[in-house]
Amino acid sequence: PHLVNKPRALPEGAPALAEIVFLDVGQGDAALVTTSDGLTMLIDGGGKASAPGSVGEYVLLPYLQSRGIRHIDVVVNSHPDLDHTDGLLSVLNAMPVDTLLYANVFTDDEIQQQLLAAATENGSVCRAVMAGDCFQFGSHLRLEVLGPAAQASGDENDDSLLLRLSCGEVDVLFTGDASGSVLAAAAGRYDLSADIVKLPHHGSRSGYDEEFYRATAAQAVVVSVGAANSYGHPAAEVIEYWQEAAAVYRTDEMGAICIRTDGYDFAVETETEPAA
C-alpha cells in the first residue's frame, strides 16, 4: 500500500512568489509560470487540436491576453512534437520572447527547425540545453535540466527535456513524454524528488514505472490530457497508483490547474470540480 501525501496548504494571506498554470490545451502540454518579480515562462504550448495554429489562436494566446501578458521572458520546448510545440509557434509569431530553451538532440527535426526559425525571426536568444545545465531566473525560480544526456536515444519522446523547476523549497518536475524506464534510469543518476510532478506523456502507460514514481515522492501529480482522447490516456494503472499515493489533478476533468507557492508551501486551484 502507498501512503497518501496531502498537498501542504498555503497559509491564508501568504503572498505567492510563483504561480504555475497547467492550461487545458486538450491532448497536449502547456504550462505558464509567472512570478511576483514579473518573470514570465512558458513550458510547451500545446497544439494539434484540429489544425495548425488552432490551439495557439483559440486557447493559448487568448489566455495570455486575458492575463495582460504581452511578452514572455523564457519559452521552453520539451521536445518538438506538435502537441507541445505548435502553440509556441503562435506565441513566437505574436509577441516578443527573450529566450528559447530547447533540447540539444533534435538537430534534424523539421518541427524544431520551424521553432528555431520563428525564434530567430522574433529576435529570441536560442539556447540548446542538456542534462547538467542549471539556470536562475529572476529572484525566485531555479531551473535544473536533468535530461536528456548529450547522446540522443533515437526516440523523440525519450529525448524530452526532464526539468525541475524550483521556487524556494517547492519543486515541480516536468517530464515531457519520456517513458518510465528512461525516467527510472534518470532517477539512478539524479535526485528526482519533487512536490509536484507533471506525469509523462499525458498519463500514458509508457510512463508507468514505480521506481521512478517512488523516487519523486510527489505530493501531487498533474495529468495534461484531452477529454475522450483516442489514445486511452491516462492509463488506468497510472491513475490507480497515484490515487493511492498523492493528489491527482487532470486537465480533462478539472480544466486549468493553478499551483501557487510562497516557496515553502503550495496551494492548488482547479477551473472546475471533477465529475463525480
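Find the residue count for region 235-264, including only residues that are touching a Pro at 6+ places or on another chain (Cβ under 6 Å), open to solvent by less than 40 Å² (accessible area, probe 1.4 Å) and more than 26 Å from H140 (Cα to Cα). Give the steps one after another, and end with the answer.
Filtering region 235-264 for residues touching a Pro at 6+ places or on another chain (Cβ under 6 Å) gives 247, 253-254.
In the following step, the residues that additionally are open to solvent by less than 40 Å² (accessible area, probe 1.4 Å) were identified as 247, 254.
Adding the requirement that they be more than 26 Å from H140 (Cα to Cα) leaves 254.
Going through region 235-264 one residue at a time, the tally reaches 1.
Does T175 qualify as being among the β-branched types (V, I, T), under 15 Å from the mean Cα position of the chain (by Cα) and open to solvent by less than 10 Å² (accessible area, probe 1.4 Å)? Spelling it out, T175 is indeed among the β-branched types (V, I, T), under 15 Å from the mean Cα position of the chain (by Cα) and open to solvent by less than 10 Å² (accessible area, probe 1.4 Å).
If you take the residues of region 209-234 that are among the aliphatic types (A, V, I, L, M) and out of contact with any strand residue (DSSP E or B) (no Cβ under 7 Å at 6 or more places or on another chain), which of them is surrounded by the fewest Cβ atoms within 10 Å (Cβ to Cβ)?
Keep residues of region 209-234 that are among the aliphatic types (A, V, I, L, M), which gives 215, 217-218, 220-223, 225, 227-228.
Imposing the further condition that a residue be out of contact with any strand residue (DSSP E or B) (no Cβ under 7 Å at 6 or more places or on another chain) reduces the set to 215, 217, 227-228.
Details: A215: 20, A217: 14, A227: 11, A228: 6.
By that ranking, first place goes to A228.
When we screen A218, A275 for residues that are in contact with a helix residue (DSSP H, G or I) (Cβ under 8 Å, 6 or more places away or on another chain), at pLDDT 95 or above and in a loop (DSSP other than H, G, I, E, B), the only hit is A218.
Only one entry in T120, T107 is within 26 Å of S179 (Cβ to Cβ) and not small (G, A, S), namely T107. Within region 124-150, the set of residues being open to solvent by 60 Å² or more (accessible area, probe 1.4 Å) and at pLDDT 95 or above comprises V125, R127, C134, Q136, R142.
Of all the criteria given as (1) in contact with a strand residue (DSSP E or B) (Cβ under 8 Å, 6 or more places away or on another chain); (2) open to solvent by 20 Å² or more (accessible area, probe 1.4 Å); (3) free of Cβ contacts under 8 Å to residues at least 60 places away in the same chain; (4) of a type in the set (A, V, I, L, M, F, W, C), the one not satisfied by A267 is (3). Among the residues of region 184-201, the one identified as modelled with pLDDT under 95 and under 17 Å from the mean Cα position of the chain (by Cα) is H201.
The values are calculated or read from the model by the stated rules, or taken from the named source; none is laboratory data. From a predicted model like this one, the values you see are computed outputs, not experimental measurements. Positions of Cβ are generated from backbone atoms using ideal geometry, with glycine treated the same way; all protein chains shown enter the neighbour counts. To get the accessible areas, we keep the full protein, side chains included, count just its heavy atoms, and leave off ligands, DNA and RNA. Shrake-Rupley method; radii C 1.70, N 1.55, O 1.52, S 1.80 Å.
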